[in-house]
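*Asks:* Quick one: structure below, then a few questions.
What follows draws every value from the coordinates through simple rules; no lab data is involved. All of these numbers come straight from a predicted model, not from anything done at the bench. Ideal geometry is used to build each Cβ from the backbone, glycine not excepted, and the neighbour counts take in all protein chains shown.
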Amino acid sequence: MVEEDERQIIERILAGSDLAFRKILDLHTQRIFNYVRRMTSNSIEAEDLAQETFIRFWVSRDRFDPDRVKLTTWLHRIAHNLCIDYFRRRQLQERQVPVQSDSQDSPDTDYELSIRAAVVNKALMTLSERQRSAIVLCHYQNFSQHDAAHILGLSVHALESLLRRGRSKLKQILAEELE
């Protein structure tokens with residue numbers, strides 16, 4: 001889609017057009033879902049969080065300024081914040097109620113991912129939320145470092161540092177796993 005076309009759609013969304021909003025959903029839902037799924041490693045949660053991303057966008061659309069930030073960056077920022085909230089809730093629940101660990105991946109994950117991808121995903125989940133998010137945004141979602149830094153609320157230098165530490169830790173974990 002040409003950027004000018006998207007700008008017109010955004011202007012219609014800002015005016016309250018449901019039809020324009022549906023068009024944005026069609027264009028961006030898969031990328032947001034993929035980002036959230038990689039962050040959470042859970043397809044069901046990813047569907048819910050991706051849907052919530054677009055609900056929050058619609059509700060707060062009057063705060064979106066297309067002259068300051070790209071729509072995809074804004075949507076990923078919302079999704080990122082929802083992922084952080086998800087991890088905080090999950091951490092709180094794990095502290096309150098001991099959960100029995102299930103080492104088996106869901107059938108959905110087994111179907112979608114090869115064994116190598118599952119190993120990489122498992123290693124990715126051991127990273128801190130910030131390192132994981134930096135790697136997912138730059139390597140899986142193909143954001144520039146500038147845009148990824150904006151989504152995470154960091155300087156480009158801080159993002160580069162996160163990426164460097166995250167890659168190093170991934171390399172170490174994968175070397176051990178694949179031996």
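*Asks:* What residue among T53, Q30, N81 has its Cα farthest toward the positive end of the dipole of region 1-99, where the charges are +1 on Lys, Arg and -1 on Asp, Glu, each on the Cβ?
*Replies:* Final value for the positive-end residue is N81.
*Asks:* May I ask for the percentage of alpha-carbon pairs in region 1-99 that lie more than 22 Å from each other?
*Replies:* 33 percent
*Asks:* Could I ask something else about it? As a quick test, which of the pairs K122/K171; K70/K122; K122/K169 have an alpha carbon distance above 22 angstrom in this structure? Could the numbers behind the result be given before it?
*Replies:* Values: K122/K171 13 Å; K70/K122 31 Å; K122/K169 12 Å.
Violating the 22 Å limit, Cα to Cα: K70/K122.
*Asks:* Then there's this: For region 1-99, give the magnitude of the charge dipole about the Cα centre (Cβ charges: +1 Lys/Arg, -1 Asp/Glu; no others), in debye to the nearest 20. It would help to have the intermediate numbers written out before the result.
*Replies:* Working: 17 positive and 16 negative charges, 85 e Å.
My answer is approximately 400 debye.
*Asks:* Points 7 angstrom from Cα along the Cβ direction at D5 and V59: gap in nanometres?
*Replies:* 3.1 nm
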